[in-house]
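Student: Following this message is one structure expressed as structure tokens.
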Amino acid sequence: MLSVYNVIAQCQQETLVRSIGHKGMREQGIHIPSQIRQLAYLPFYHCCTYLILFELVNVRLTKARLDGQQKFIFGAARQGETVYVMSAFSFPKLLRYVSEYKITSFPAAPPIVVQLAKHPDVRKVDFSHIFPVLCGAAPLGIETQLQAEEAMNAYKKGKGNVRINQGWGITECVGGVTAFALHERDPDVTGVGY
């Protein structure tokens, strides 16, 4: 059984890893938008949902829209970020919202990354404001990951900066267990962090 202390610890870890990632991105000259905008589409019962909601209890609510998943609502609210929540997942709407709301981050599972790699409309969407998309839930093949990155950067004629980073976790561990910081990347693109 998970306790409130487990959730607090995960939120603190998320804050630290994000801080390290932002610092590393700045050192590498990667632009970090002044306003982070998350797109949340996971079900409320998902472990990524309750971390987000828990953090909202502990911070003053400024810009978060309270409809979504744990990690992306709690963590985002704690960081002063905006969260846009999809009432139900729809790939065409995901593409529309990324552009319409200038989304800077969203979670991805391998089936979503496959759609990002294969769907022809992906190349028509400006993903340039996205910094690393975090993928988890199952292993992601290197070919699919690289195809999705190429498709997401196609709008900017290959000059985009979108990357997909993989992580690993389970609900019993309150979500994330391993991941790379936002500025890091496994050289062979197959790792899930440390």
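Student: Test residue 116 against the stated conditions and say whether it is under 21 Å from residue 38 (Cβ atoms) and either in contact with a Gly (Cβ under 6 Å, 6 or more places away or on another chain) or of a type in the set (D, E, K, R) (or both).
Tutor: no
Student: Shifting gears a bit: Just the residues that are assigned to a loop (DSSP other than H, G, I, E, B) and either among the aromatic types (Phe, Trp, Tyr) or under 25 Å from residue 22 (Cα atoms) (or both), please, taken from region 125-138.
Tutor: Within region 125-138, 125, 126, 127, 128, 129, 130, 131, 132, 136, 137 qualify.
Student: Next question, about the same structure. Given the criteria at pLDDT below 85, farther than 19 Å from residue 180 by Cα and touching a Cys at 6+ places or on another chain (Cβ under 7 Å), does residue 78 qualify?
Tutor: yes
Student: Can you name every residue in region 117-146 that is under 18 Å from residue 89 (Cα atoms) and in contact (Cβ under 8 Å) with a residue 40 or more places away in the chain?
Tutor: Once the filter is applied, which keeps residues that are under 18 Å from residue 89 (Cα atoms) and in contact (Cβ under 8 Å) with a residue 40 or more places away in the chain, region 117-146 yields 134, 136.
Student: Further question on the same structure: Give the residues of region 96-124 that are open to solvent by 10 Å² or more (accessible area, probe 1.4 Å), at pLDDT below 95 and part of a loop (DSSP other than H, G, I, E, B), sorted by residue number.
Tutor: 101, 102, 109 - these are the residues of region 96-124 that are open to solvent by 10 Å² or more (accessible area, probe 1.4 Å), at pLDDT below 95 and part of a loop (DSSP other than H, G, I, E, B).
Student: Would you tally the residues in region 95-108 being aliphatic (A, V, I, L, M) and touching a Phe, Trp or Tyr at 6+ places or on another chain (Cβ under 7 Å)?
Tutor: Number satisfying all stated conditions: 2.
Student: One residue is enough: does region 147-167 have a residue meeting the conditions out of contact with any helix residue (DSSP H, G or I) (no Cβ under 6 Å at 6 or more places or on another chain) and touching a residue at least 60 places away in the same chain (Cβ under 8 Å)?
Tutor: Checking region 147-167: at least one residue is out of contact with any helix residue (DSSP H, G or I) (no Cβ under 6 Å at 6 or more places or on another chain) and touching a residue at least 60 places away in the same chain (Cβ under 8 Å).
Student: So, one more: Taking the criterion of being modelled with pLDDT under 60 and either open to solvent by 20 Å² or more (accessible area, probe 1.4 Å) or over 20 Å from residue 179 (Cα atoms) (or both), would at least one residue in region 29-36 satisfy it?
Tutor: no
Student: Give just the number: which of (1) at pLDDT 90 or above; (2) open to solvent by 40 Å² or more (accessible area, probe 1.4 Å); (3) not in a helix (DSSP H, G or I) does residue 88 not satisfy?
Tutor: Checking residue 88 against (1) at pLDDT 90 or above; (2) open to solvent by 40 Å² or more (accessible area, probe 1.4 Å); (3) not in a helix (DSSP H, G or I), the one that fails is (1).
Student: Additional query: Do we find a residue being farther than 24 Å from residue 23 by Cβ, touching a His at 6+ places or on another chain (Cβ under 9 Å), crowded, with 21+ Cβ neighbours inside 10 Å and not acidic (Asp, Glu) anywhere in region 164-180?
Tutor: So far as region 164-180 goes, no, none of its residues is farther than 24 Å from residue 23 by Cβ, touching a His at 6+ places or on another chain (Cβ under 9 Å), crowded, with 21+ Cβ neighbours inside 10 Å and not acidic (Asp, Glu).
The values are calculated or read from the model by the stated rules, or taken from the named source; none is laboratory data. Predicted, not measured: the structure shown is a model, and the values here were computed from it. Methodologically, a virtual Cβ is constructed for each residue, glycine included, from the backbone with ideal geometry; neighbour enumeration extends over all protein chains shown. Please note that ligands, DNA and RNA were not included when accessible areas were found on the heavy atoms of the full protein model with its side chains. Shrake-Rupley method; radii C 1.70, N 1.55, O 1.52, S 1.80 Å.
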